[in-house]
1. Could you tell me whether any residue of segment A:89-97 is surrounded by 24 or more Cβ atoms within 10 Å (Cβ to Cβ) and more than 24 Å from A:PRO205 (Cα to Cα)?
2. Can you find, within segment A:5-42, the residue that is surrounded by the fewest Cβ atoms within 10 Å (Cβ to Cβ) among those that are out of contact with any strand residue (DSSP E or B) (no Cβ under 9 Å at 6 or more places or on another chain) and closer than 25 Å to A:PHE307 by Cα?
3. Answer yes if at least one residue in segment A:444-453 is modelled with pLDDT under 95, over 28 Å from the mean Cα position of the chain (by Cα) and open to solvent by less than 60 Å² (accessible area, probe 1.4 Å), and no otherwise.
4. Inside segment A:231-259, can you point out the residues that are over 20 Å from the mean Cα position of the chain (by Cα) and of a type in the set (Val, Ile, Thr)?
5. Taking segment A:379-427 as the region of interest, how many residues are more than 9 Å from RNA strand B (Cβ to nearest atom) and of a type in the set (S, T, N, Q)?
6. Go through A:LEU30, A:LEU7, A:LEU11, A:LEU52 for me and flag whichever is more than 9 Å from RNA strand B (Cβ to nearest atom) and either at pLDDT 95 or above or not hydrophobic (A, V, I, L, M, F, W, C) (or both).
7. Before we move on, is A:ASP497 near RNA strand B (Cβ under 9 Å from one of its atoms) and either in contact with a Pro (Cβ under 8 Å, 6 or more places away or on another chain) or under 20 Å from A:ALA440 (Cβ atoms) (or both)?
8. Restricting attention to segment A:475-498, which residues are touching a residue at least 12 places away in the same chain (Cβ under 8 Å) and out of contact with any strand residue (DSSP E or B) (no Cβ under 7 Å at 6 or more places or on another chain)?
Amino acid sequence: MATPVRLYDSLQQQKVAFTPIVPDRVGMYLCGPTPYAPAHIGHAYSAICFDLIRRALIFLGYQVKFVRNITDVEDKIFNASAAAGEDWLTWANRYADAYNADMRMFGVLPPDVEPRVSTHIDQIVAITQRLIERGKAYALDGDVYFEVASFPPYGRLSGQSLDDLQAGSRVAVDERKKSPFDFALWKGAKPGEPSWPSPWGPGRPGWHIECSAMSATHLGETFDIHAGGKDLVFPHHENEIAQSQGAHGDETFAHHWMHNGFLNFDGTKMSKSLGNVLGCNEIAAAVGPEALRFYFVSHHYRSPIDFEIEGPRDADGKIVDPRFPALEAADRRLDYFYATLRRIDEFVAAGGDGGEGALVPEAEKLTGEAREALADDFNAPIVVAALGEAAKVANRLLDEGKGLDKAVRRRSLARLGRDLRAVGWALGVLGDDPVRYAHARRARLGKRRGLDVAQVQALLEARAEARKAKDFTRADAVRGELTALGVEILDTPAGTDWRVVEPAIAVGA
RNA sequence: GGAGCCGUAGCCAAGUGGUAAGGCAGAGGUCUGCAAAACCUCCAUUCCCCGGUUCAAAUCCGGGCGGCUCCUCCA
């Protein structure tokens with residue numbers, strides 16, 4: 001049986017007990033991207049937050065069906081592809097593929113179903129028709145609008161009344177509509193835009209209806225969890241509720257709503273107009289994709305997350321060669337975990353896992369602690385702390401073996417290695433091979449430093465010779481040269497290993 | 001104008017009624033030819049401020065102050 005979970009439900013605005021519709025199974029829908037440009041780290045944050053929740057549910061024993069859509073019929077796609085003189089669907093597909101490649105890089109599991117608007121037009125037309133039949137929508141000059149007044153609970157999710165919205169409206173009012181808040185389910189075709197036939201003439205879906213249609217198609221009219229970025233609460237999710245319940249009944253649709261916090265830069269939201277949008281690749285090249293993931297899961301998914309950017313500034317105050325201190329710290333911490341795993345692996349490989357039997361008590365705590373923390377609204381930061389404790393125990397066992405039964409020590413370390421990986425999986429980290437990770441990290445940092453590996457090797461050999469000859473003055477001098485290059489020496493009984501450290505951050509005025 | 005979030009050590013960050021997790025940085029130590037790594041010890045009588053409720057509050061309530069967001073496309 002799966003571990004009972006408490007989660008924060010944005011509709012009820014409190015932590016509630018999660019009761020799946022079918023025991024031990026979860027149907028989950030996440031609003032996916034509109035692929036018209038390369039993905040930025042805001043996309044990654046949302047995807048990673050809910051990938052974490054999905055993995056945590058699986059870790060806790062649930063069978064999860066995870067649906068994440070691709071909104072491939074949308075103005076932004078039409079505009080961008082038209083400007084480039086390319087077919088809109090080809091354009092959307094290319095960016096959808098790029099999005100998926102980026103998310104894979106960040107350890108996001110592919111969705112079980114990835115529905116696209118372009119292949120669900122029939123379902124969208126059907127649900128629109130049903131809304132008209134039920135008196136919740138009206139056709140108007142080839143468009144179809146949802147009539148907000150027909151759905152009294154409107155505004156419940158975002159905690160606003162229609163009156164409040166009316167008062168502060170900044171929307172350009174379309175006079176034909178019955179209410180300014182009525183929104184389009186179907187938009188009549190405009191010249192040069194793709195369109196599909198419908199009972200109201202050729203046209204295409206409005207923005208919100210696709211999620212109502214696709215969630216019902218793949219998860220049913222009623223399902224467990226609907227998730228998305230906090231920014232989607234209004235109007236997108238509000239409208240989804242109105243459409244779905246309008247079409248299928250008041251008790252239908254998502255049992256729980258979950259929203260992740262915003263991603264900010266130096267305290268301000270990321271937005272294209274501010275020019276502070278950061279691409280996925282830029283981050284991956286700087287600190288490695290897993291460090292970004294580790295940084296994200298070190299924060300609770302509902303908290304806003306802030307990026308610091310530092311670096312020398314040019315005359316206009318714009319940062320050149322941006323650095324991300326927090327992400328670099330995450331990268332170093334990740335390196336600690338992988339180094340610990342590597343030590344464990346080598347120890348177990350050399351002498352076995354000790355077979356069955358008793359363990360040191362600290363070596364069997366991790367999984368239980370992780371389960372408890374994840375079951376309480378997916379508290380990943382607590383899990384990260386528990387991982388740290390487990391790694392510390394492992395390093396201690398590796399350093400100090402005396403006074404301890406040999407088999408107990410081996411078993412404990414083998415267990416810690418397994419549990420670190422199992423719990424790491426739940427967070428989407430520590431899945432790489434430690435040796436490969438170390439090499440990739442060294443290569444990445446070496447590249448950033450412009451390191452000449454042959455030169456490093458030569459210096460390492462020179463130092464080894466000097467040490468062999470007990471010429472420690474010379475050995476230390478060579479190490480000084482290496483340090484200046486950013487190379488850190490790690491002497492071990494097995495030989496000398498090395499790694500690259502990040503350069504100090506120069507903060508410009 | 002309406003709605004909401006947030007404010008915990010030098011920094012990052014959990015905790016949301018029972019007496020402040022964890023990480024980074026810092027100090028000391030073990031180990032080491034010396035280092036690095038790893039490990040050990042120390043590092044918030046206190047959670048923006050002021051009132052209130054309570055046996056008990058960082059956590060609940062009221063009032064301030066400060067920061068952010070949504071109401072328009074946005075992950």
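1. Step one: list which residues in segment A:89-97 are surrounded by 24 or more Cβ atoms within 10 Å (Cβ to Cβ), which gives A:92.
Next cut, more than 24 Å from A:PRO205 (Cα to Cα) only: none.
Checked against the condition, which is being surrounded by 24 or more Cβ atoms within 10 Å (Cβ to Cβ) and more than 24 Å from A:PRO205 (Cα to Cα), segment A:89-97 yields no hits at all.
2. If we take residues in segment A:5-42 being out of contact with any strand residue (DSSP E or B) (no Cβ under 9 Å at 6 or more places or on another chain) and closer than 25 Å to A:PHE307 by Cα, then A:ALA37 is surrounded by the fewest Cβ atoms within 10 Å (Cβ to Cβ).
3. The answer is yes, given that some residue of segment A:444-453 is modelled with pLDDT under 95, over 28 Å from the mean Cα position of the chain (by Cα) and open to solvent by less than 60 Å² (accessible area, probe 1.4 Å).
4. A:ILE241, A:THR252 - these are the residues of segment A:231-259 that are over 20 Å from the mean Cα position of the chain (by Cα) and of a type in the set (Val, Ile, Thr).
5. 1
6. Numbers: A:LEU30 fails: more than 9 Å from RNA strand B (Cβ to nearest atom); A:LEU7 fails: either at pLDDT 95 or above or not hydrophobic (A, V, I, L, M, F, W, C) (or both); A:LEU11 fails: either at pLDDT 95 or above or not hydrophobic (A, V, I, L, M, F, W, C) (or both).
Only one candidate qualifies: A:LEU52.
7. Working: near RNA strand B (Cβ under 9 Å from one of its atoms): yes; either in contact with a Pro (Cβ under 8 Å, 6 or more places away or on another chain) or under 20 Å from A:ALA440 (Cβ atoms) (or both): yes.
It is true that A:ASP497 is near RNA strand B (Cβ under 9 Å from one of its atoms) and either in contact with a Pro (Cβ under 8 Å, 6 or more places away or on another chain) or under 20 Å from A:ALA440 (Cβ atoms) (or both).
8. Matches in segment A:475-498: A:ALA475, A:VAL478, A:GLU481, A:LEU485.
The values are calculated or read from the model by the stated rules, or taken from the named source; none is laboratory data. Only a predicted model underlies this, so the values are computations on that prediction, with no experimental measurement involved. Methodologically, a virtual Cβ is constructed for each residue, glycine included, from the backbone with ideal geometry; neighbour enumeration extends over all protein chains shown. Heavy atoms of the whole protein, side chains included, go into the accessibility calculation; ligands, DNA and RNA do not. Shrake-Rupley method; radii C 1.70, N 1.55, O 1.52, S 1.80 Å.
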